[in-house]
1. Of all residues in region 56-66, count the ones that are under 17 Å from SER4 (Cα atoms) and open to solvent by less than 50 Å² (accessible area, probe 1.4 Å).
2. Just to be sure I understand the filter: pairs with C-beta atoms under 8 Å, separated by 6 or more residues or on different chains, first member in region 14-38 and within 13 Å of LYS66 (Cα to Cα) and of a type in the set (D, E, K, R), second member modelled with pLDDT of 85 or more and open to solvent by less than 40 Å² (accessible area, probe 1.4 Å). Which pairs pass?
3. Collect the residues in region 66-89 that are polar (S, T, N, Q) and over 11 Å from LEU18 (Cα atoms), keeping them in residue-number order.
Amino acid sequence: MIVSTTTAIEGRPVKQYLGVVTGEVIVGANLFRDIFASITDLVGGRSGKYEEVLSRARREAIAEMKSEAMQLGGNAVIGVDIDYEVLGQKGSMLMVSVSGTAVLL
């Protein structure tokens, strides 16, 4: 399954547009990660734990989108957009949403 942010795949013309497909994942940050991230923010540097959670959420959302495209008979998703939103009281949750157009190449 090809997944691309571009609207076309070079050398692979679209035979059929199958529709918009999406994937959403919402993850909560636990107290330990919040404390660790706060310490990291104070002393500088990157928050590896948050990066791991964000990466996992993005991969899961893309996998969900790809699965939806396969169910429609697609072999690619083009025009993919990835969005991140903070949700919940005090920004305690993170939503990763992806969308694109399922196509048959």
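The values are calculated or read from the model by the stated rules, or taken from the named source; none is laboratory data. Quick caveat, the model's predicted, so the values are computed rather than measured. Ideal geometry is used to build each Cβ from the backbone, glycine not excepted, and the neighbour counts take in all protein chains shown. Calculation scope for accessible area: heavy atoms of the full protein, side chains included, ligands and nucleic acids excluded. Shrake-Rupley method; radii C 1.70, N 1.55, O 1.52, S 1.80 Å.
1. Residues flagged as under 17 Å from SER4 (Cα atoms) and open to solvent by less than 50 Å² (accessible area, probe 1.4 Å) within region 56-66 amount to 3.
2. GLU24/ALA61; GLU24/VAL96; GLU24/SER97; GLU24/VAL98
3. Passing the criteria: SER67, GLN89.
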